[in-house]
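Notes to accompany the following structure.
The values are calculated or read from the model by the stated rules, or taken from the named source; none is laboratory data. Since we're looking at a predicted model, the values are computed, not measured. Neighbour counts are summed over all protein chains in view; Cβ atoms, including those assigned to glycine, are modelled from backbone coordinates with ideal geometry.
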């Protein structure tokens, strides 16, 4: 029985092995992923982001508890771009430490990835597809939200939760450009603290500054306190409402197309960059790169050449 | 006379106008950029990154002074991903405030961009090409180094300077994955502080952990103190040494190819994502996206279709 077949069959050890192959992007991983891909596409993909110290891991832990109580099998992909030199606990470790390792219907995977940009997005989605095909739903993707990551996670998720906590300095003031636009839910953690009410009010007010089309979905601002065990059921219900809205409005289909586009683009990006380092091996892409580097063609023209050609030589003849 | 011709002619107001068109990515900007592109490729592209508070703007300001003293015309692109809601001073403002606006051979441009990922990279390089064609050399690209940006800037630069300061917590410990690999120069600012010696020693030690090929270039760790006006000439000289090494070793050519590849990929990424939102308009790319979203094809297969096709239908028939 192939590794992918065993994963579809619910073999947890096969799943763990396959995730490693997929993460290493080796041939076995690629083959299995290609086989599993058409079994994916049903799970709800939840992206969680926010600044360090906002309480994302705690929230994920509470979400695991809530989804387990409702009978869901849940997978968590913790994307941790911090250095392997730190030796500190990764996001995934912090969730695992809360003791889910004995529950076969919870799977937590850390990605202390050295990849970035397109590579990181492709790797995250690849793991998500494997979990999806293996019957996990939802799949939570958690990332330390610094720089532009918090915007990028929205390209990979169906529901994006932006987590903010009081006491992180002037946190609302330091929201990254675009961060406001990408939140489908805003969650204020540490609701036991007095300043959390101000923060929630600020977020409510800032929401009205969102640009773009008149909002068909009005993102709720929700408060939660892990110490008081409050608020998690409201968040669970809001995710469900958003998921329903995605389906009814046709937005789910649009976001699936966006995710597909992001994944295709990520592969193209990784591959084009890889080929920039391949000397002397003639190929269409290498020729384009060399022409652009030599100023014989513009980057824009080269990109158009990649995008406007027919899929099959045979078809066009 | 066209806008691009006036820019090549040294018209500073035309340059400012063109930069706005390029930043807005409008038709006039695209046309002018395509015309100017083959006049670019000679300027040295310096990427400067490091955590907030590391003193990047101060260093850039000192570099402007040094390059002006050596007779160079210098351009600075300050990439500031923080929210337009903050109203705070952007990176560019902080440099401009030091009074370079009266010097016609210094041009500072802020990009408080709402774009991200591929769009941000493409926009940054587009501005760099315009400055390059207009005869500025070097071109300094400064970014607030949070998340993965500090790694990404290395894809756009010929020399990457990683700036660290003492007193930012355990800053060496929190170096992002890959940050160590991308630094061609390490600069420790605030050298007047006692802890700067420890930080410099830590960086020297960590350098030896760099992965990959045996280093043909050994990145120097340099200290600077803006208050004492020390160290900037050493940094200037080290950049020059690195630039010479790039040419002699053939590495400059390789990096130019990488930059070209990154730019092509950025355009492809932006365009593929854009087309994901285009409904019903049949095209090769839209069909691929829909097939992937519908699980009729895998993302990997779709990316290969984009990359393996010939540039021209006619050529293959």
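Tally up the residues in segment A:1-34 that are closer than 25 Å to residue B:304 by Cβ and in contact with a strand residue (DSSP E or B) (Cβ under 9 Å, 6 or more places away or on another chain), please. Reasoning before the result, please.
So the first thing to find is which residues in segment A:1-34 are closer than 25 Å to residue B:304 by Cβ, and the list is A:2-5, A:7-8, A:18-34.
Narrowing the set further to residues that are in contact with a strand residue (DSSP E or B) (Cβ under 9 Å, 6 or more places away or on another chain) leaves A:19, A:23.
Selection size over segment A:1-34: 2.
May I ask you to verify whether residue B:128 is at pLDDT 90 or above, part of a loop (DSSP other than H, G, I, E, B) and crowded, with 23+ Cβ neighbours inside 10 Å?
Details: at pLDDT 90 or above: yes; part of a loop (DSSP other than H, G, I, E, B): no; crowded, with 23+ Cβ neighbours inside 10 Å: yes.
No.
Assess whether residue A:113 counts as being at pLDDT below 90 and assigned to a helix (DSSP H, G or I). Answer is no for this residue.
Pairs meeting the criteria (first residue in segment B:248-274 and more than 7 Å from every other protein chain (Cβ to nearest Cβ) and modelled with pLDDT under 85, second residue surrounded by fewer than 21 Cβ atoms within 10 Å (Cβ to Cβ) and assigned to a helix (DSSP H, G or I), beta carbons under 9 Å, at least 6 apart or on different chains) are B:266/B:119; B:270/B:119. Pairs meeting the criteria (first residue in segment A:202-218 and in the same structural domain as residue A:187 (by TED's automatic domain parsing) and in a loop (DSSP other than H, G, I, E, B), second residue surrounded by 10 or more Cβ atoms within 10 Å (Cβ to Cβ) and modelled with pLDDT under 70, beta carbons under 9 Å, at least 6 apart or on different chains) are A:209/B:85; A:211/B:114.
On the given criteria, is residue A:270 closer than 29 Å to residue A:216 by Cα, in contact with a helix residue (DSSP H, G or I) (Cβ under 8 Å, 6 or more places away or on another chain) and buried (at least 19 other Cβ atoms within 10 Å of the Cβ)? In short, no.
Selection of first residues in segment A:55-80 that are without any contact (Cβ under 8 Å) to a residue 24 or more places away in the chain and of second residues that are in a helix (DSSP H, G or I), restricted to Cβ pairs under 9 Å at least 6 apart or on distinct chains, gives the following pairs, ordered by first then second residue: A:69/A:236.
Of the helices (runs of 4 or more DSSP H) entirely within segment B:1-74, those holding at least 1 residues that are surrounded by fewer than 20 Cβ atoms within 10 Å (Cβ to Cβ) and not assigned by TED's automatic domain parsing to the domain that holds residue B:135 occupy B:3-8, B:12-24, B:27-36.
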